[in-house]
Amino acid sequence: MADAAHAADVRRALPARAEVVVIGGGIIGTSVAYHLVQRGHTDVVLLERDRLTSGTTWHAAGLATQLRATYNMSMLAKYSAELFPRLERETGMGTGFRQVGSLGVALNEARMEEFRRSASMARVCGFEVRELRPAEAAAMWPLMDPEGIVGGIFLPADGVANPTDVTMALAKAARDGGARILEHTPVTGVRTTDGRVAGVETDRGTIDCDVVVNCTGMWARALGAQNDVTIPLHAAEHFYVVTEPIPGLDPDLPVLRVMDEFAYVREDAGKLMVGFFEPDAKPWATLGIPSDTSFIRLPEDWDHLGPYVERMARRLPVLGDAGIRLHFNGPESFTPDDRYILGEAPGLAGYFVAAGFNSVGFQSGGGAGRAIADWIADGYPPMDLSEVDIRRFLPWQGNRRYLHDRTTEVLGLLYDMHWPFRQVETARGVRRSPIHDRLAAAGACFGEVAGWERPNWYAPSGVEPRYEYSYGRQNWFASSAEEHRAVREGVGLLDQTSFGKFLVQGPDAAALLGRLSANDVAGPAGRVVYTQWLNERGGIEADLTVTRLSETEFLVITAAATQARELETVRRAILAGGDRAAVTDVTSGYAVLNVQGPRSRELLASIVDADLTNAAFPFGASREVDLGYARVRASRITYLGELGWELLVPTEFAAHVYEIVVSAGAAFELRHVGYHALNSLRIEKAYRHWGHDVTDEDTPLEAGLGFAVAWDKPGGFIGREALLRQRAAGRGAPGGVGKRLVTFVLDDPEPLLLHNEPIWRDGHLVGKITSGMFGHTLGSSVGLGWVAVGPDDGGEPLADASLLASRYELEVASRRFPATPHLRPPFDPAGVRIRS
Ligand SMILES: Cc1cc2nc3c(=O)[nH]c(=O)nc-3n(C[C@H](O)[C@H](O)[C@H](O)COP(=O)(O)OP(=O)(O)OC[C@H]3O[C@@H](n4cnc5c(N)ncnc54)[C@H](O)[C@@H]3O)c2cc1C
């Protein structure tokens with residue numbers, strides 16, 4: 001049968017050209033093809049190496065749960081669950097979708113707190129959710145031993161489906177809509193011309209095309225590498241067991257998750273399927289995934305899995321009674337941050353990727369496929385997808401050893417405690433500041449971002465710099481409070497070497513950056529300008545500073561996490577505009593030491609050969625100064641709301657400059673300050689954080705960043721027309737400003753805000769917190785969050801005054817707490833301190 005299908009595919013001629021070639025026929029590839037057809041792009045060819053589903057999809061357990069870590073990821077999973085029944089209607093094919101709900105049980109109070117916070121998040125997403133007492137949870141799953149259960153959470157809209165059936169239905173619907181699907185056709189290469197995709201090569205010939213979508217699952221890394229596209233994923237062994245048939249088993253049992261025992265359970269055709277997310281995963285095929293193998297089953301490993309199965313046999317005694325029929329071990333791809341990879345590859349136009357699904361590819365596949373199809377059809381993503389955007393990765397992250405080591409950890413993270421501030425433990429120490437060891441000696445407890453080791457807080461002498469996680473005040477709370485106060489009252493030193501840094505040079509550099517920046521960056525040399533880069537829709541693509549160094553030279557400084565993204569934006573802008581300009585990534589060339597606080601002037605004046613008075617060195621000024629024996633660039637700017645200077649120090653001078661600052665700082669009680677304090681300081685000042693508070697879905701007008709828009713600068717800027725339209729449309733009107741970013745201070749100092757907490761206004765759910773932290777100066781938790789301008793229940797949209805006059809509550813772990821709203825920063829609203 002398979003041979004006949006093979007022969008038929010080989011006889012079917014390869015088209016010479018297609019608009020889009022989708023590579024890979026798993027759940028993701030077929031979903032992309034189906035959604036492209038839905039968008040009217042019918043000139044689509046899907047090429048599958050072997051048979052549809054023969055990669056990872058065939059053995060997925062079929063869980064279709066919807067609540068994910070963030071709102072947008074949850075929306076993609078929610079869409080998948082809506083798609084399954086629709087596909088059945090469209091194709092007449094079964095998908096096996098059954099909405100049995102999912103039950104999570106907690107075995108300790110911390111997990112229950114996590115569930116309560118998840119329940120709050122579920123309400124933001126509009127999901128029905130019920131918190132359960134132990135007896136209620138036990139009653140839902142009578143086969144379960146209720147020993148140790150402290151509570152549960154039930155999401156009735158979750159379900160299960162059959163991954164192979166869904167994939168086949170997607171393929172049929174795509175074919176019916178005009179897509180051509182060819183099995184037994186491996187893609188051997190992707191052709192490019194002038195930095196663009198030009199076609200694909202197969203062992204049966206080539207197809208010219210403008211767009212490819214690499215949906216080859218665990219093979220994606222190797223295929224991408226052929227074109228220098230970095231797709232950081234690694235396969236891991238992933239296990240489940242299936243029992244013998246159990247007489248009388250209720251087919252409508254909800255999916256059960258016992259995350260504290262690393263396991264999930266579902267009913268499957270009269271049997272129980274028990275899957276595992278164990279904390280010590282086994283990476284597979286580090287040297288490369290075999291390209292000639294399909295429907296892969298890896299060997300059983302009872303030594304590895306036995307303890308987990310035994311634990312579940314105690315939880316579900318029926319497992320022992322029924323006996324195990326199948327011990328399944330199949331490979332799945334995992335990424336270094338446990339988030340999947342979507343989007344157009346930097347440096348290669350038309351090369352899209354949808355891969356690395358970390359064991360949620362089935363439930364996310366409907367939404368992810370639609371997102372990629374929309375992205376291709378519209379030229380931009382349908383929502384903020386920055387957390388899964390391929391541009392979050394740098395080329396080094398394709399490193400095989402790094403991926404191998406990180407993979408041992410990430411599989412288990414799905415079910416491990418999702419502690420606030422949790423740091424990864426594997427593959428650490430990759431990127432370090434030149435003064436890393438000195439910071440460690442000063443007590444730094446490091447966190448990791450994009451491979452960088454960054455001090456998050458400093459342990460007092462005699463205390464080990466190690467996290468003790470909880471949902472309450474963690475062990476670093478008091479130290480970070482001291483660091484926070486030092487910056488507000490004295491002076492603090494932050495190592496921000498991890499910033500992404502770019503030099504943009506050339507006769508057209510000013511025009512290029514002027515076009516990209518909503519603010520006016522083309523002033524005289526020696527000025528640092530805070531600006532957003534917008535897309536054509538007015539959405540915020542980047543939030544950064546641009547410093548003019550000379551007539552033809554600019555320095556762009558951005559967050560560590562967006563280094564690759566911003567670099568790509570500039571490169572593409574140069575290509576699109578034909579500018580006589582070049583961008584160079586100088587991230588590794590400079591350390592950044594940030595000296596901040598009311599006493600920063602006194603401290604720096606004692607070591608810098610420059611006049612630091614307001615008259616000579618006003619806010620926003622940037623110039624080279626001598627410090628010790630070094631020459632550094634000092635920029636008077638702040639992300640904490642205080643007087644301060646950011647010192648850009650050539651890497652080899654960093655240790656010297658650090659020593660001078662610290663030694664002179666002793667007289668001013670200079671304190672080392674970590675990123676947790678930076679975060680509490682910036683939130684009190686309502687400074688926005690790109691990726692959390694503002695994204696490409698939000699405009700500066702909505703975000704309260706209109707002050708950084710130079711409406712009338714010569715030449716305009718990308719996104720200006722969209723902003724003008726939004727301004728003209730009127731508040732609350734279609735196309736107008738429909739939401740505002742508000743800062744909230746909780747009236748009760750006890751609860752801790754993190755992110756995703758629902759915002760209630762006069763009893764209506766109107767938005768969610770995007771970032772939160774305890775504000776040590778304000779003495780309570782502070783959070784930034786989006787609220788709709790309404791109307792909540794009819795009537796006119798709320799003006800700012802009415803927004804502020806409303807009664808707000810923030811929901812923390814399912815309890816509501818009154819909060820005071822602010823449209824200006826709750827701390828130093830007039831910005832007196834930064835200009836002092
Ligand atoms: C044991 C197990 C249980 C799981 N359970 C769940 C679950 O309950 N819920 C859930 O959401 N997810 C689950 N997953 C994860 C899910 O199966 C995957 O995330 C998903 O199937 C990935 O789909 P894909 O299309 O990206 O990859 P694949 O299904 O691997 O598809 C990639 C396809 O590309 C083809 N290909 C490769 N190279 C080429 C080439 N050069 N040319 C042409 N074709 C090529 C391959 O043959 C393959 O068919 C589970 C995974 C495992 C291992």
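The values are calculated or read from the model by the stated rules, or taken from the named source; none is laboratory data. The shown structure was predicted, so the numbers you read here are calculated from the model rather than taken from an experiment. Every residue, glycine as well, gets a Cβ built from its backbone with ideal geometry; the counts of neighbours run over all protein chains shown.
Considering ALA654, ALA686, the condition of being outside any loop (DSSP other than H, G, I, E, B) and touching a residue at least 24 places away in the same chain (Cβ under 8 Å) is satisfied by ALA654 alone.
Where the second residue is of a type outside the set (A, V, I, L, M) and part of a helix (DSSP H, G or I) and the first is crowded, with 18+ Cβ neighbours inside 10 Å and lies in the stretch 398-409, which pairs have Cβ atoms under 7 Å and are six or more apart or on separate chains? Taking only residues 6 or more apart or on different chains, the pairs are GLY398/ARG221. Residues in the stretch 733-761 that are closer than 30 Å to ASP520 by Cβ and surrounded by fewer than 20 Cβ atoms within 10 Å (Cβ to Cβ) were compared, and the one that is modelled with the lowest pLDDT is ALA733.
This table checks each residue for (1) closer than 29 Å to TRP219 by Cα; (2) surrounded by fewer than 19 Cβ atoms within 10 Å (Cβ to Cβ); (3) modelled with pLDDT under 95.
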| position | (1), (2), (3) |
| --- | --- |
| MET259 | no, no, no |
| TRP284 | yes, no, no |
| THR293 | yes, yes, yes |
| ARG297 | yes, yes, no |
| GLY323 | no, yes, yes |
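When we screen ALA179, ALA157 for residues that are of a type in the set (Gly, Ala, Ser), surrounded by 20 or more Cβ atoms within 10 Å (Cβ to Cβ) and either closer than 30 Å to ALA269 by Cα or more than 14 Å from the ligand (Cβ to nearest atom) (or both), the only hit is ALA179.
Checked against the criteria, TYR415 counts as of a type outside the set (Gly, Ala, Ser), in contact with a Lys or Arg (Cβ under 8 Å, 6 or more places away or on another chain) and within 16 Å of the ligand (Cβ to nearest atom).
When the residues of the stretch 19-40 are filtered to those that are buried (at least 24 other Cβ atoms within 10 Å of the Cβ) and not in a helix (DSSP H, G or I), which remaining residue is farthest from the ligand (Cβ to nearest atom)? Of everything passing the filter in the stretch 19-40, VAL20 is farthest from the ligand (Cβ to nearest atom). Kindly evaluate VAL212 against the criterion of being surrounded by 15 or more Cβ atoms within 10 Å (Cβ to Cβ) and away from the ligand (no atom under 13 Å from the Cβ). In short, no. Checked against the criterion of being on the phi > 0 side of the Ramachandran plot and surrounded by 23 or more Cβ atoms within 10 Å (Cβ to Cβ), the stretch 73-89 has no qualifying residue.
With respect to the stated conditions, LEU723 is at pLDDT 95 or above and within 20 Å of ARG515 (Cβ to Cβ).
Within the stretch 672-694, if we keep just the residues that are surrounded by 23 or more Cβ atoms within 10 Å (Cβ to Cβ) and either among the acidic types (Asp, Glu) or under 14 Å from LEU493 (Cβ atoms) (or both), the residue that is nearest to the chain's Cα centre (by Cα) turns out to be ASP693.
For ARG370, are the conditions met, namely being touching a helix residue (DSSP H, G or I) at 6+ places or on another chain (Cβ under 7 Å) and of a type in the set (Lys, Arg)? When the stated conditions are applied, ARG370 passes them. The set of residues in the stretch 42-65 being closer than 28 Å to GLY159 by Cα, touching a Pro at 6+ places or on another chain (Cβ under 9 Å), more than 6 Å from the ligand (Cβ to nearest atom) and not in a loop (DSSP other than H, G, I, E, B) consists of TRP58 alone. If I filter the stretch 225-241 down to residues being in contact (Cβ under 8 Å) with a residue 60 or more places away in the chain, within 11 Å of the ligand (Cβ to nearest atom) and not charged (D, E, K, R), which single residue comes out as nearest to VAL197 (Cα to Cα)? The qualifying residue nearest to VAL197 (Cα to Cα) is LEU233.
Where strands (runs of 3 or more DSSP E) fall wholly inside the stretch 499-582, the ranges with 3 or more residues that are under 17 Å from ASP712 (Cα atoms) are 528-534. Where the second residue is of a type in the set (Phe, Trp, Tyr) and the first is assigned to a strand (DSSP E or B) and lies in the stretch 620-640, which pairs have Cβ atoms under 6 Å and are six or more apart or on separate chains? Listed by first residue and then by second, the contacts come to ALA630/PHE653; ALA634/TRP645. Here is the figure for the stretch 345-360: residues that are at positive phi and more than 10 Å from the ligand (Cβ to nearest atom) total 2. Would you confirm whether or not the stretch 365-372 contains a residue that is touching a residue at least 24 places away in the same chain (Cβ under 8 Å), of a type in the set (A, V, I, L, M, F, W, C) and surrounded by fewer than 18 Cβ atoms within 10 Å (Cβ to Cβ)? So far as the stretch 365-372 goes, no, none of its residues is touching a residue at least 24 places away in the same chain (Cβ under 8 Å), of a type in the set (A, V, I, L, M, F, W, C) and surrounded by fewer than 18 Cβ atoms within 10 Å (Cβ to Cβ). The set of residues from the stretch 321-344 being closer than 25 Å to VAL570 by Cα and more than 16 Å from the ligand (Cβ to nearest atom) comprises just one member, GLU344. Candidates in the stretch 167-176 are the residues that are touching a residue at least 40 places away in the same chain (Cβ under 8 Å) and either more than 10 Å from the ligand (Cβ to nearest atom) or within 21 Å of LEU14 (Cα to Cα) (or both); of these, the one that is surrounded by the fewest Cβ atoms within 10 Å (Cβ to Cβ) is ASP176. For the stretch 279-320, the candidate set comprises residues that are in contact (Cβ under 8 Å) with a residue 12 or more places away in the chain and charged (D, E, K, R); within that set, the residue that is nearest to VAL187 (Cα to Cα) is ARG297. LEU503 meets all of the listed conditions (1) of a type outside the set (Lys, Arg); (2) in contact with a Gly (Cβ under 9 Å, 6 or more places away or on another chain); (3) surrounded by 18 or more Cβ atoms within 10 Å (Cβ to Cβ) but one, namely (3). Within the stretch 180-195, the residues that satisfy the criterion of being over 17 Å from ASN214 (Cβ atoms) and in contact with a Leu (Cβ under 8 Å, 6 or more places away or on another chain) are ARG180, GLU183. Before we move on, is LEU305 more than 30 Å from the chain's Cα centre (by Cα) and away from the ligand (no atom under 11 Å from the Cβ)? Yes, satisfied. Counting the residues of the stretch 719-747 that are part of a loop (DSSP other than H, G, I, E, B) and more than 25 Å from the chain's Cα centre (by Cα) gives 9. Checked against the criterion of being of a type outside the set (Lys, Arg) and part of a helix (DSSP H, G or I), the stretch 140-162 contains one or more residues that satisfy it.
Among the numbered conditions (1) under 24 Å from ALA61 (Cβ atoms); (2) more than 16 Å from the ligand (Cβ to nearest atom); (3) within 17 Å of the chain's Cα centre (by Cα); (4) of a type in the set (A, V, I, L, M, F, W, C), the only one that MET383 does not meet is (1).
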